[in-house]
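The structure under discussion appears below in the form of structure tokens.
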Amino acid sequence: MASWSGLLVVAGRVVPGWGMGCALLCIALGLLMRVHSTSRRSAADAGARQPPRVPRWMLFLSTAAAALAIVFGAGDDLLNGADYFVLEPEGPGGCRVAVRETSFLVMGGGEVFEVGAGGLGRRVGSWTVDDGYRPFRSGTYELDWGRDSGSLRVDGTGTDPVTRSDIPEINCG
């Protein structure tokens, strides 16, 4: 689920949702292999009661679905040349703003994430720019913090304007 809805910021760096999903899938597979080998050993113990087994098709299906989500997420980042940024300065209560910026052919755009003190980012808005312009790479944005919240303004250029922006007030609380 994390790979579809957010990202993680660790030590000022962004871990995309598909990267979190990959790490969780590897951990789950490792635990599954450990449980499977432990259950084989305990089956040899006479009189030991076995926990109910999860059908193999269910394990295969859930693993395949997770792997597919990871491949689609990573493929989307690769195809669209995604760049991730953690913006400065930090807001009240450790609130951060992270963005994912992409461009493909003649369109550019991105997504804005509120990142709370725990580091988990939640998507809150997006923008679209003409001609694949990248406002965060170019530095044509402005992040201002007030006492309780922040505002993020994304600007294009005269020839590459921002055609759509639905970035709300930033408030991690």
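The values are calculated or read from the model by the stated rules, or taken from the named source; none is laboratory data. What you see is a predicted model; the values in this text were computed from it and never measured. As a convention, Cβ positions derive from the backbone with ideal geometry for all residues, glycine included, and neighbour counts pool all protein chains shown.
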Scanning the stretch 96-139 residue by residue, the ones that are closer than 16 Å to Arg13 by Cα and among the polar types (S, T, N, Q) total 0
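This table checks each residue for (1) assigned to a loop (DSSP other than H, G, I, E, B); (2) surrounded by 14 or more Cβ atoms within 10 Å (Cβ to Cβ).
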| position | (1), (2) |
| --- | --- |
| Glu90 | yes, yes |
| Val97 | no, yes |
| Glu101 | no, yes |
| Ala117 | yes, no |
| Arg123 | no, yes |
| Val129 | no, yes |
| Thr159 | yes, no |
| Pro168 | yes, no |
| Gly173 | yes, no |
Residue hits (the stretch 30-57; in a helix (DSSP H, G or I) and either at pLDDT 80 or above or acidic (Asp, Glu) (or both)) are Trp57
